[in-house]
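Right, one structure below, let's go through it.
The values are calculated or read from the model by the stated rules, or taken from the named source; none is laboratory data. Model, not experiment: these values are computed from the prediction. Methodologically, a virtual Cβ is constructed for each residue, glycine included, from the backbone with ideal geometry; neighbour enumeration extends over all protein chains shown. Side chains are part of the model used for accessible areas, which takes the heavy atoms of the whole protein and leaves out ligands, DNA and RNA. Shrake-Rupley method; radii C 1.70, N 1.55, O 1.52, S 1.80 Å.
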Amino acid sequence: PVRGEQEEAEVAWQEKLFSQFEVDLYLNESACQTPLDRQYHEEVCKLEKAGGRKNHRIFTYTDHDRFTNLEELCQKVTDSDHEVPSYLVERMANVRRRRQDRRPIEASSLKSKIITWEPSEEFIKNNHVINTPVQTMYIMGDLGPYGKLGHREYEHVLCTIKVDGNGVITVKPDFTGTKGPYRIELDGEKREVWEYTIENASAQVQPEEEEREQRMFRDLYSRHRDYLNGLVGSEFEMPLPGTLRLFVNGEIVSAQGYEYDNLYVHFFLELPNQWSGPPFQQLSGVTQTCATKTVCWDKVAHFCYPFTLEMFYTQEDEDSLPEWPVLYFEVLSLDFWQRYRVEGYGSVVLPTSPGVHVLTIPTWRPVELGTVAEMRRFFIGGSPELEDLTYVRIPSTFKGKRLSRLGFRTETTGSVTFRLYCLQQSKAFLESSALRQRMQSVLDRLGGFTQQSSVYNVLEAFQRARRRMQEARESLPEDLISPSATSM
């Protein structure tokens with residue numbers, strides 16, 4: 001303080017230091033009503049016989065004192081004078097009621113009660129608040145005038161310490177450190193200014209004790225891991241050897257850049273040879289009709305349409321590389337007069353690597369030459385359509401060597417954004433590295449298809465280069481490529 005009066009006290013966790021007001025109160029045995037009051041009466045009497053308390057202005061309120069209950073109940077969320085606390089505010093302020101002795105639950109009964117299917121209203125109210133035990137302690141200061149200690153109006157909170165059930169210690173305000181001392185200004189006759197600092201006086205932990213604590217934590221974590229493993233179990237359905245299971249949790253996120261409004265997307269999945277799916281699963285779907293919204297000079301329809309696909313790949317030939325499933329889709333528009341128009345076609349090959357993939361696929365649509373076709377599209381709807389959606393890539397009915405699209409006129413339209421979450425499951429993932437080094441199957445060589453994309457691209461590039469070289473060789477005259485023609 002300004003006038004030079006100083007006091008220093010070392011306070012331990014939940015150590016009780018009595019104030020002058022508490023000494024005067026608990027000396028009177030008739031004022032003691034609760035067992036805690038009577039315990040404080042005995043401690044104050046012992047202090048008086050031993051020569052009185054050592055502290056003067058610094059004292060504490062522990063977790064069991066009435067002040068701690070009142071202080072936590074009186075805290076406000078806003079600075080309004082007419083604040084009406086809600087139910088959640090009351091429960092959160094009433095943290096002291098959260099410390100309760102719970103009966104240990106057996107693992108077998110807990111496993112069957114992980115989910116409460118029909119919770120009652122009382123159950124929801126009681127479990128809405130985070131159930132973390134909290135212990136609180138207040139370090140106080142009696143900032144009354146000299147010689148007038150013991151008045152409640154001069155008590156000020158210097159520091160609040162809270163410890164929750166997870167072992168997190170909260171000190172408010174923080175330790176002073178290199179910062180300047182905290183200040184408390186009193187609006188009295190002399191307008192006194194008090195300064196105080198908070199320092200951590202705990203002894204450093206010995207290396208032996210720290211190592212013992214780490215061992216205890218490791219043992220606790222291992223037991224908790226075994227407990228969670230017991231809840232989850234190990235009975236998982238595994239695919240057959242040589243079989244890959246592919247899960248795709250997909251989402252049609254949005255469609256942007258199209259001419260007309262009120263868009264919807266129709267899609268279906270094509271499974272190549274050696275691929276199959278569950279008999280109950282639908283491999284096609286259609287989204288809801290979505291109105292567009294202008295975003296950065298572009299009309300965007302946000303679908304957020306989820307779908308789930310499950311497929312099995314059964315390996316028959318170890319030397320062949322598998323084809324990957326293809327997702328075909330078409331974008332259509334529907335107006336007020338129920339006229340629909342094809343806005344675009346597109347396709348996407350499902351990703352060969354597991355993980356999250358965000359793909360934006362451009363689309364196109366067939367067009368007819370002349371203004372009559374465009375006027376028909378504008379006034380009565382309708383437009384040229386594909387009879388087979390697989391014509392977007394290679395038609396499923398095509399069996400030849402060359403596919404010609406000469407004379408087929410199209411125009412680029414908008415694009416569709418997909419978000420795909422891919423999961424792969426195979427027994428090949430469980431095999432040891434020594435078995436994988438033998439390269440017994442395609443699954444082993446590709447490491448579970450994670451390198452499928454790069455290998456497939458290299459082979460495709462090699463095939464294209466070989467075809468170009470053969471075409472160039474066939475177009476050259478015979479005398480240029482004959483061995484006798486050495487004049488060049």
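For the reader, a short list of remarks on this structure follows.
- Filtered trypsin sites (Lys or Arg not before Pro), the range 173-218: DSSP coil and at most 14 other beta carbons within 10 Å: K179, K190, R191
- Based on the convex hull around the alpha carbon atoms, the range 253-297 presents an average projected area of 4.8 nm².
- For the range 130-217, GluC sites (Glu not before Pro) are listed when DSSP marks them as loop and at most 12 other Cβ atoms sit within 10 Å of their Cβ; the list is E189, E199.
- Listed residue pairs exceeding 23 Å between alpha carbons, taken from K148/K179; K16/K46; K54/K148; K16/K162: K148/K179
- Translational diffusion of the range 319-384 was estimated from the Stokes-Einstein equation, with Rh taken as the Kirkwood radius over Cα pairs; at 25 °C and 0.890 mPa s the coefficient is 167 µm²/s.
- Rolling a 1.4 Å probe over the protein heavy atoms of the range 190-261, with every protein chain left in place, gives an accessible area that is 51 percent carbon and sulfur.
- Calculated Rg and Dmax of the range 151-197 using C-alpha coordinates, Å: 14.2, 46
- Proximal aspartates and glutamates relative to K125, as straight alpha-carbon distance under 13 Å, when same-chain residues fewer than 8 apart are discounted: E90
- In a DSSP loop and with at most 13 other Cβ atoms within 10 Å, the chymotrypsin sites (Phe, Trp or Tyr not before Pro) in the range 249-336 are F280, W297, F336.
- Gyration tensor over alpha-carbon atoms, the range 175-294, equivalent ellipsoid semi-axes in Å: 63, 37, 12
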